[in-house]
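Undergrad: Dropping the structure in here first, questions after.
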Amino acid sequence: MAKGDTDGSRELTSQAFREAMSRVPAAVHIVTTDGVAGRFGATVSAFCSVSDDPPSVLICLNRSTRIHAAVLRNRVFCVNTLCEGQEAVSDAFAGRGNMAMEDRFSSSSWTPLATGCSALDNAALSVDCEIFSITEMGTHSVIIGKVADLRMRDPGGSLLYFQRAYTSLAT
């Protein structure tokens with residue numbers, strides 16, 4: 001489906017799709033897990049609510065990542081929504097700087113919630129979940145979690161990722 005550039009259309013390739021998705025502002029989150037597979041964390045943007053009865057959310061994780069394997073084995077995860085000024089935490093869990101996993105966690109304060117997953121103490125929101133279902137799509141798994149616990153605080157500005165750069169939204 002090749003189209004000309006005069007109307008802004010492009011051939012539908014993986015690269016064009018990634019470029020298109022970079023134009024959608026997304027909140028920045030750290031997903032954590034802990035259990036028999038160990039404690040892991042990763043920066044993600046694919047997170048949203050599914051239902052309020054029962055309370056449930058979904059995340060999307062690349063199947064080639066360590067966090068994916070750990071979440072599936074541990075059967076639990078916690079989504080921590082970042083605030084303005086937490087770019088360094090996001091970068092660490094995105095793998096920038098090649099820090100060891102424990103060093104990523106030791107750079108901030110964390111508290112385990114109901115499932116035992118780590119909740120970032122100064123996150124705007126932490127949603128602690130048990131896996132309900134998993135659906136594979138392309139390179140990723142769509143993981144629906146039933147909420148076991150949550151913690152909210154006054155977030156101030158929310159950390160967003162837009163056009164491959166951090167920005168914020170004041171609340």
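Undergrad: Name the single residue that is farthest from the chain's Cα centre (by Cα) among those in the stretch 61-94 being charged (D, E, K, R) and over 17 Å from Thr135 (Cβ atoms).
TA: The extreme case among them is Arg73.
Undergrad: Anything in the stretch 82-114 that is open to solvent by less than 60 Å² (accessible area, probe 1.4 Å), among the polar types (S, T, N, Q) and more than 19 Å from Leu61 (Cα to Cα)? List them, or say none.
TA: Scanning the stretch 82-114 gives Gln86, Ser108, Thr111.
Undergrad: On to the next question. Check off (1) farther than 21 Å from Met21 by Cα; (2) over 15 Å from the mean Cα position of the chain (by Cα) for Glu136 and give me the number that stays unchecked.
TA: With respect to (1) farther than 21 Å from Met21 by Cα; (2) over 15 Å from the mean Cα position of the chain (by Cα), Glu136 is out only on (1).
Undergrad: I'm checking my understanding of the structure. Among residues of the stretch 31-66 that are polar (S, T, N, Q) and assigned to a loop (DSSP other than H, G, I, E, B), which one is most open to solvent (accessible area, probe 1.4 Å)?
TA: Ser64
Undergrad: In the stretch 56-90, how many residues are without any contact (Cβ under 8 Å) to a residue 40 or more places away in the chain and more than 18 Å from Glu136 (Cα to Cα)?
TA: Count: 1.
Undergrad: Looking at the stretch 118-128, is at least one residue open to solvent by 60 Å² or more (accessible area, probe 1.4 Å), charged (D, E, K, R) and farther than 21 Å from Arg153 by Cα?
TA: No - not one qualifying residue is present in the stretch 118-128.
Undergrad: Restricting attention to the stretch 151-168, which residues are among the aliphatic types (A, V, I, L, M) and either under 21 Å from Phe17 (Cβ atoms) or in contact (Cβ under 8 Å) with a residue 40 or more places away in the chain (or both)?
TA: Scanning the stretch 151-168 gives Leu159, Leu160, Ala165.
Undergrad: Another question, then. Which of the residues belonging to the stretch 137-147 are open to solvent by 50 Å² or more (accessible area, probe 1.4 Å) and either farther than 11 Å from Val57 by Cβ or polar (S, T, N, Q) (or both)?
TA: Once the filter is applied, which keeps residues that are open to solvent by 50 Å² or more (accessible area, probe 1.4 Å) and either farther than 11 Å from Val57 by Cβ or polar (S, T, N, Q) (or both), the stretch 137-147 yields Met137, Gly138, Thr139, His140.
Undergrad: Considering only the stretch 135-154, how many residues are over 14 Å from Phe47 (Cα atoms) and touching a strand residue (DSSP E or B) at 6+ places or on another chain (Cβ under 6 Å)?
TA: 7
Undergrad: Restricted to the stretch 148-164, and to residues that are surrounded by fewer than 17 Cβ atoms within 10 Å (Cβ to Cβ) and within 16 Å of the chain's Cα centre (by Cα), which residue is modelled with the lowest pLDDT?
TA: Only one residue tops the list, namely Phe162.
The values are calculated or read from the model by the stated rules, or taken from the named source; none is laboratory data. On a predicted model such as this, the values are computed, not experimentally measured, just so you know. Note that we place each Cβ from the backbone using ideal geometry, even for glycine, and neighbour counts take in every protein chain shown. These area figures cover heavy atoms from the full protein model, side chains too; ligands, DNA and RNA do not enter into them. Shrake-Rupley method; radii C 1.70, N 1.55, O 1.52, S 1.80 Å.
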